[in-house]
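For reference, the structure is listed below as structure tokens.
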Amino acid sequence: MSIPRTLLLWCPDWPVIAAEIVEGVRADGPVAVLHANRVVACSEAARAEGVRRGLRRREAQGRCPSLVVVEHDPGRDARAFEPVVAAVEEVAVGVEVVRPGACALAARGPSRYFGGEERAAERIVEQVAQACAVEAQVGVADGVFAAGLAARAGRIVAAGRTREFLASMTVEALERPALTDLLRRLGVKTLGDFAALPASDVLSRFGFDGALAHRLAAGLDHRPLAVRQPPPDLDVTDTYEEPLERVDVAAFAGRALAERLHERLAAYGMACTRLGIEAVTADGQELHRVWRHDGLLTAAAIAERVRWQLDGWLTGACRGGPARPTAGLVRLRLVPDGVLVHLGLQPGLWGDAGAEKERAHRALSRIQGLLGPEAVVTAVVGGGRSADDQVRFVPWGDEREPARPAAPQPGPHPVVIARGEPGPAVVAEAEPGRPTDRLRPAKPDKRPPWPGRIPGPAPALVLPQPAPAVVLDATGTPVGVSARLELTGHPAVLVLGEEAAEITGWAGPWPVDERWWAEGEGRRRARFQLAVADGRAFLLSLASGHWAVEAIYD
């Protein structure tokens with residue numbers, strides 16, 4: 001059986017390049033990747049200083065004092081190599097990842113499409129450079145092993161000449177240190193010498209692994225290419241002979257399409273966190289919108305968002321928004337985005353799975369279906385200087401990303417928002433975050449804290465409207481703050497309505513002068529934390545001589 005022609009793409013010094021991509025290490029400087037205190041890869045600048053693979057850390061640093069040392073991480077190398085494989089798949093199919101930094105495919109298809117093996121190699125190298133800004137080399141030979149050695153030399157070995165190409169290679173090319181050392185002591189120095197030995201003698205002397213290495217030295221692969229399956233095409237599309245002009249008709253068509261999408265995702269054990277809705281009108285107008293989600297998108301949830309979007313497009317009733325399309329819709333397409341394994345979704349307030357979670361999800365989604373997406377909202381904690389501006393509300397099911405990201409406040413978050421007037425239902429979330437935060441080990445947050453914020457712990461109850469209050473000193477005189485932020489008296493009594501409570505402790509003031517440059521939007525106040533004798537604690541602010549309670553602590 002003839003050995004198929006194989007095209008192998010190799011990225012030199014890939015562990016170093018992956019460290020640059022993921023961790024920002026400068027690959028153009030002296031860099032070494034270490035495993036078990038030995039160098040497994042190094043940059044070109046490090047090699048110029050005498051650093052080589054296999055050196056111990058101390059010897060490598062002795063040869064190059066400015067050497068940057070990075071620990072070996074196979075996961076990092078694999079993650080960084082995935083975009084390279086995807087770029088190769090854009091111009092060729094049937095890619096097998098040999099290891100991070102090298103992938104192979106049958107050369108027959110690309111060479112016939114691009115007009116020869118040399119042109120196919122040039123096109124793939126160009127594709128990787130343009131898509132990923134990564135330098136790569138391609139080799140073509142009979143078999144994966146020979147193609148890998150050809151890639152390191154940047155050669156295309158003619159068909160049938162692979163064994164001749166391998167004959168002059170040293171036995172170190174087999175990358176089997178124990179076998180290589182033994183062959184050297186036996187006087188076998190090249191692959192040609194090793195391939196000339198009888199296969200039966202090699203098997204009896206060196207065992208099964210030695211027999212496999214003997215096949216490689218002879219230009220024979222021990223297995224065919226195991227090609228990587230490309231990602232499944234998950235989007236669904238439907239075309240309509242009669243244009244959809246009425247919202248109810250379009251919603252019915254959208255529900256059928258949503259069920260098809262959900263079934264296709266379920267068949268792969270996946271779910272999506274973002275949904276792209278695309279439509280084309282009879283006169284060629286293209287419409288597109290993306291809906292974000294922070295949990296399991298069921299068929300009903302997908303259909304609800306499709307109906308909301310179609311209603312917005314076909315009605316065109318939003319003031320200041322785009323006008324309705326000039327013709328009916330003739331094509332609908334749903335594109336799942338942010339696809340992840342179903343088991344990777346974050347457990348919700350009602351548990352991981354089961355009837356309780358599904359019942360609560362259906363109930364809240366039903367309310368949204370009847371009253372609109374803004375009828376049920378959840379609280380998201382973000383950056384801000386006061387408790388009243390650190391929380392924003394997002395519709396149930398939308399992605400819960402803070403509008404102003406900041407380092408998390410130590411202590412409990414304010415998760416319950418008091419509302420004294422009619423408004424949307426508020427669902428408290430005990431641990432805001434991304435869908436898979438609970439499934440990953442916690443990483444240190446490198447974002448700086450929000451400047452001028454109140455120190456922790458965060459209050460448990462934030463009032464929708466600050467409640468008037470009065471702070472008195474021991475003589476009954478109202479307490480104020482001077483221009484130098486000095487108190488006019490020692491806080492002793494807190495008066496809330498007709499109730500007076502003795503102040504047992506206080507902290508502050510924390511001044512804030514916000515948006516002073518915008519006329520009519522400036523806000524200047526001093527904030528205090530007060531504890532009273534009955535165990536309660538409050539967050540108060542003093543603005544223009546008036547005290548007010550902004551939040552309450554547990």
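The values are calculated or read from the model by the stated rules, or taken from the named source; none is laboratory data. Computed from a predicted model, the values in this text were never measured in an experiment. Cβ sites come from the backbone with ideal geometry, for glycine too, and all protein chains shown count toward neighbours. The accessibility values were calculated without ligands, DNA or RNA, using every heavy atom of the protein model including side chains. Shrake-Rupley method; radii C 1.70, N 1.55, O 1.52, S 1.80 Å.
The table for this structure:
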| item | result |
| --- | --- |
| Overall form of region 27-184 per C-alpha gyration tensor (a/c, 1.5; a/b vs b/c) | oblate |
| Amide H contacts of residue 236 (H built 1.01 Å from N, under 5 Å, at least 5 apart or other chain) | 334 |
| Cβ-derived FRET efficiency at R0 60 Å, residue 69 paired with residue 288, nearest 0.05 | 0.80 |
| Two-site label geometry, residue 129 and residue 44: point separation in nm, points 7 Å out along Cα→Cβ | 1.2 |
| Where labels lie 7 Å past Cα in the beta-carbon direction, separation of residue 493 and residue 237 in nm | 7.7 |
| Low-density loop cleavage sites - GluC sites (Glu not before Pro) in region 473-518, where at most 15 other Cβ are within 10 Å (DSSP) | 486, 498 |
| Computed label-point distance, nm, for sites residue 59 and residue 515 using a 7 Å Cα→Cβ extension | 6.6 |
| Full-extension gain in nm, residue 326 to residue 533, via 0.36 nm per residue minus C-alpha separation | 67.7 nm |
| Two-site FRET efficiency, residue 252 against residue 546, from Cβ-Cβ distance with R₀ of 60 Å, rounded to 0.05 | 0.60 |
| Two-site FRET efficiency, residue 37 against residue 266, from Cβ-Cβ distance with R₀ of 41 Å, rounded to 0.05 | 0.30 |
| Accessible-area composition of region 30-173, carbon plus sulfur, in percent [1.4 Å probe] | 49 |
| Alpha-carbon centroid distance for the pair region 366-380 / region 474-493, whole angstrom | 45 |
| Computed lengthening from residue 196 to residue 485, 0.36 nm per intervening residue step minus Cα-Cα distance | 94.9 nm |
| Equivalent ellipsoid dimensions for region 468-554 as semi-axes, Å, which come from the Cα gyration tensor, largest first | 23, 14, 11 |
| Pairwise centroid distance, computed over Cα atoms, of region 1-45 with region 244-310, Å | 43 |
| Net lengthening on full extension, residue 172/residue 209 (0.36 nm per residue, minus Cα-Cα) | 11.8 nm |
| Amide H contacts of residue 398 (H built 1.01 Å from N, under 5 Å, at least 5 apart or other chain) | 294 |
| Separation of alpha-carbon centers, region 496-548 and region 145-165, rounded to whole Å | 77 |
| Neighbour net charge for residue 15 - beta-carbon separation under 12 angstrom, K R +1, D E -1 | -3 |
